[in-house]
Structures are given as C-alpha cells and as structure tokens.
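Notes for the one structure printed next.
The values are calculated or read from the model by the stated rules, or taken from the named source; none is laboratory data. All figures in this text were calculated on a predicted structure; none of them were measured in a lab. Don't worry about glycine lacking a Cβ; one is built from the backbone with ideal geometry, like all the others, and counts go over all protein chains shown. Please note that ligands, DNA and RNA were not included when accessible areas were found on the heavy atoms of the full protein model with its side chains. Shrake-Rupley method; radii C 1.70, N 1.55, O 1.52, S 1.80 Å.
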Amino acid sequence: MTATIKRASDQISGTITAPPSKSMAHRAVLCAALAEGRSHITNLEFSKDISATLGAAAQLCANVHTGRDDAVVEGLGHFLPLAAPVDCCESGSTLRFLIPIASLTGQEVSFTGRGRLMERPQSVYETLYREQNLRFEQSSAGLTVEGALTPGEYRLAGNVSSQFISGLLFALPLLSGDSTLHLIPPVESRSYIDMTRAVQAAFGVQSRWLDENTLFLPGNQHYHPCDYTVEGDYSQAAFPAVLGAVCGGVTITGLAPETLQGDAVLLDILRRCGAQFTRTESGVAFEKAPLHGVDIDLADCPDLGPVLMVLGLLCEGTTVIRNAERLRLKESDRIAAMEAELRACGGVLESEGGTITVHGCADKLHAPAGTLHGHNDHRVVMSLAVLALSTGLALTVDDAEAITKSWPNFFDAIKPLGAEVEYAG
Ligand SMILES: O=C(O)C1=C[C@@H](OP(=O)(O)O)[C@@H](O)[C@H](O)C1
Ligand SMILES: C=C(OP(=O)(O)O)C(=O)O
C-alpha cells in the first residue's frame, strides 16, 4: 500500500496522544503470562508486535482476553504442550524475549517470523545455547530450541541487542538457582534493560546490578499477577515531537514526565537543537523556533535514529549521530534506507560506520521523482511522513502498511495536526 502524506493546509496545529509504549507492553504481557493468576493490563495498542506477544503468551502459558485497549492475562502457572510454532511476526522483542522463556519448558520449541526477523542476529543466544549443549537451530524458515537453560554464570555481548539480556532476565529468575549476567561492554540500549527490570519488579521478580556490567538474578522466584497500566511511548512520540519542533503548533499528551524509557532523551536533544516547548499538565506543547544541528549519541536510543535524520535536514548546520551501527540490524538497514529516501528528496547526508552526518538543507528539499520506499519499516514510513509535514511536500511512500507493526492508526492520529493522507494499492 502507498500513502501520500501532505499538509491539509498551511497550518500544522493540534494535539496528539502518544500511544502506549510497545516496549513496556511486551514486558507487562510476558510478566503477566508467567504469573499464576489474573492480571489486567490497561492502555494497550494492538499493534502487530504486541499481538504477536499476546498470541505467544496464549500459546505457551496463559489465557488471554483482549478488550478495546486492554487485556486480561490469566497465567496458568504451567506451560502448555505446543501444537504449532510460535509466530513472532516481525517482532524482534517477541522472539528474543520468548526464546529463554520457551527454554523453561526444556521441550522442543519452534519460532517463525516474517519480513527480516529471521535475518536479524540471534548469535548471542546461539553461543549461550551451544555452551550449555542445548539445541539452537536457525534458518530463514525459523528457529528451534530444545533443552532447559541452567542457572549460573552467563557472559554475553552488551552491544548486539539488549533484548538478549531482557530475555534472560525474564526466564532465569524462575530457575532453581541464582544466575549472574556478565555483560561484555559496551552495554548499549541500557535503558531497555532497566525497563525490563522495573516491570518484572512490578510483578514481584527482582534483580540487581552488582556493577555497571554485571547483573545478579536470584533464582527460585515467582511472578505475581498484578494490574498494570502501560505508559505512553516516547519512541512513537518522537514523530510528532520533531514535527512540533520544526513547525510549532503541536501538543503531545500521554507522556509520563518520569520514565525509564531511553527515548525520552528526545526532549533533551530537541532542546539542545533550540526547540521551544513547555511541559504542562496538558502535555508537551511546541512553538516554532529556529533549530541548529547537534551531536547525538544513539547508543541508548536507537529507535530515534530515522526521525532524527529527518530533523537534521531541517536544522541549520550539521547534525552528527554517533553509535548508530545497530540501526542496520532492525526491520531494515535503517541507515541505508533513510540515506536513500532522504537523498531522493534532495537531502544531504552521509554515513561512515556507525556515524551519520546530516547537513541542514531545508531550502534544497524537493519531492522525489517517484514514490519513496518505506523499506517495510514502520519507523522509516513514519519518519518520511514527518518529512512531508515538516516541509509541506506531498510525499508518496510505499510499504505504508508497515506502521501496523507499532502504531496501526498513525495516519489517522496525525490528521488532527493538519495532515492529509491518501492511500493507494
Ligand atoms: O527491548 C526493547 O523493547 C527494544 C530494544 C531496542 O532494541 P536493541 O536493544 O536491539 O537496541 C529497540 O530497538 C527495540 O525497538 C525495542
Ligand atoms: C526494532 C524495533 O522493534 P523490535 O526489535 O521489537 O522488532 C522497533 O520497534 O523499532
């Protein structure tokens, strides 16, 4: 499906509510499923990723009843025999969180994926499973594990994906002995590790840092059911926030002032760029202001990468985005994808390794000769929508349905800000 995004008028002005945090929602659903008893999870968005996790929970160890924007998850207290592979759709979080959980059964468990999911690295787990002589087989068709992980000492890289660390955090405390995770620095996306630990603590499971690279996970723990409300998503709020920083007139509601989400650094980045915004009870309200390029470390906020590349084009001067290598391991190679699409619009940017340099060139931007490509990546599609609205260009993007991975009604949500969206194909 293609979507043509353009301004409905000259004015960008309106209010948008941040959708629930996809990352926190994954965590709450899995902790609830592992707890014996009834948990009520409120403020849920049934994106494809969250639906994949809910489906897996129902397949493995819970009864799940979904409402309009909530779910009751009744953890069974035991694992069900698996009659079919677990379909993780395109969700890296779902797959990587579930692999160690599945290994609690000791049984053969197979996973399938879509899009690039089975091309994204699982090497960190593969090494650990091999070290414990457990079956770990991956192919383009899927991934199969068999055998039970044992408690003890784990050494794993901290800069491939924090999701491997989160996956072990979910499962190892349930084993009959203590475990220690020795993370090989640099530890990136660190905030996601503490997001996992915080949600686990809400459901009764504790862990602690022994030092900045060592996590201690006491064994013999149990998750306890609880009612949990998912907070607003800063990763998703970045899209209207960049639009607001450039054009003014945008107010974003639903964002918790205090949060563990690493992508909340977005507001600090925008403030350093010169963005003018105030935070009140009614939300974060942006006013138009001249913006200048800044130096950005993406190590702990990778999902901001695509939309910050758009921001850089609209700043005076140069924006340098560092430690962005892992953008190449997401739903697309986000560096290559954004370079190609922004250059097609006259954008001036280049990358070397994990460093992206974006040159302010707002006056040079133009509509491309043809259709832009969404690269089947929700954050690429949403970032290009921000480019269209920030510049007033009418941009047609293919793979627009990719937004369903994280924010299914994104195009409807931006219309009150002054967007017009036409679909085709
Ligand atoms: O744990 C999570 O919820 C996530 C971790 C991040 O991945 P990495 O840890 O691989 O950077 C992020 O890109 C992803 O969207 C969600
Ligand atoms: C990479 C993302 O999610 P996941 O790793 O869960 O697929 C994302 O939401 O940008």
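What shape does segment 22-229 have by the C-alpha gyration tensor, where a ≥ b ≥ c are the square roots of the eigenvalues, rounded means a/c under 1.5, and otherwise prolate means a/b greater than b/c and oblate the rest? Judged from the Cα gyration tensor, segment 22-229 comes out rounded (a/c under 1.5). With 0.36 nm allotted per residue and the present C-alpha distance subtracted, the LEU76-THR371 stretch has 101.3 nm of extension available.
Here the gap between ARG38 and THR144, fully extended at 0.36 nm per residue and compared with their Cα-Cα distance, gives a gain of 35.2 nm. Which percent of the accessible heavy-atom area of the chain goes to carbon and sulfur, probe 1.4 angstrom? Exposed carbon and sulfur together represent 49 percent of the surface. The string of couplings for segment 50-60 from the Karplus curve (6.51, -1.76, 1.60, θ = phi - 60°) is 5, 5, 5, 5, 4, x, 5, 4, 5, 6, 8 Hz, one whole number per residue in order, with x for Gly and Pro. Helix 378-391 and the longest principal axis of the Cα set of the chain meet at an angle near 20°.
Quick one: which of LYS330/LYS415; LYS330/LYS364; LYS22/LYS330; LYS22/LYS415 span more than 18 angstrom between C-alpha atoms?
Table pairs above 18 Å Cα-Cα are LYS330/LYS415; LYS330/LYS364; LYS22/LYS415.
Evaluated at q = 0.07 Å⁻¹, the base-10 log of the normalised Debye intensity for the chain, with identical point scatterers placed on the Cα atoms, takes the values -0.33. A Förster radius of 35 Å combined with the Cβ-Cβ distance from THR280 to ASP363 puts the calculated FRET efficiency at roughly 0.55. FRET efficiency for the pair GLU352 and ALA394, taken as 1/(1 + (r/R0)^6) with r the Cβ-Cβ distance and R0 = 25 Å, rounds to 0.15.
Placing a pseudo-label 7 Å from each Cα along the Cα-to-Cβ vector at ILE184 and ASP412 gives an inter-label distance of 4.7 nm. Placing pseudo-labels 7 Å out from each Cα toward the beta carbon at LEU156 and HIS65 gives an inter-label distance of 3.5 nm. Obtain the nm distance between the two label points defined at GLU119 and SER176 by a simple spin-label model: each point lies 7 Å from its Cα along the Cα-to-C-beta direction. Label-label distance for GLU119 and SER176, simple model: 4.4 nm. At R0 = 22 Å, how high is the FRET efficiency between THR112 and TRP209 if r is their beta carbon distance? Nearest 0.05 is fine. After rounding, the FRET efficiency stands at 0.05. With both residues required to sit in the chain, DSSP beta bridges show an antiparallel share near 75%. Of the GluC sites (Glu not before Pro) found in segment 212-283, those that fall in a DSSP loop while having at most 14 other beta-carbon atoms within 10 Å are GLU212, GLU258, GLU281. Ligands, DNA and RNA are left out, and with a 1.4 angstrom probe the accessible area of the chain is 36 Å² per residue. The C-alpha atoms of the chain define a longest principal axis, and helix 92-102 lies at about 0 degrees to it. Close amide-amide hydrogen proximity is noted between THR15 and THR251, each under 5 Å apart and 5 or more residues distant or on a separate chain (H modeled in the peptide plane; Pro and chain starts excluded).
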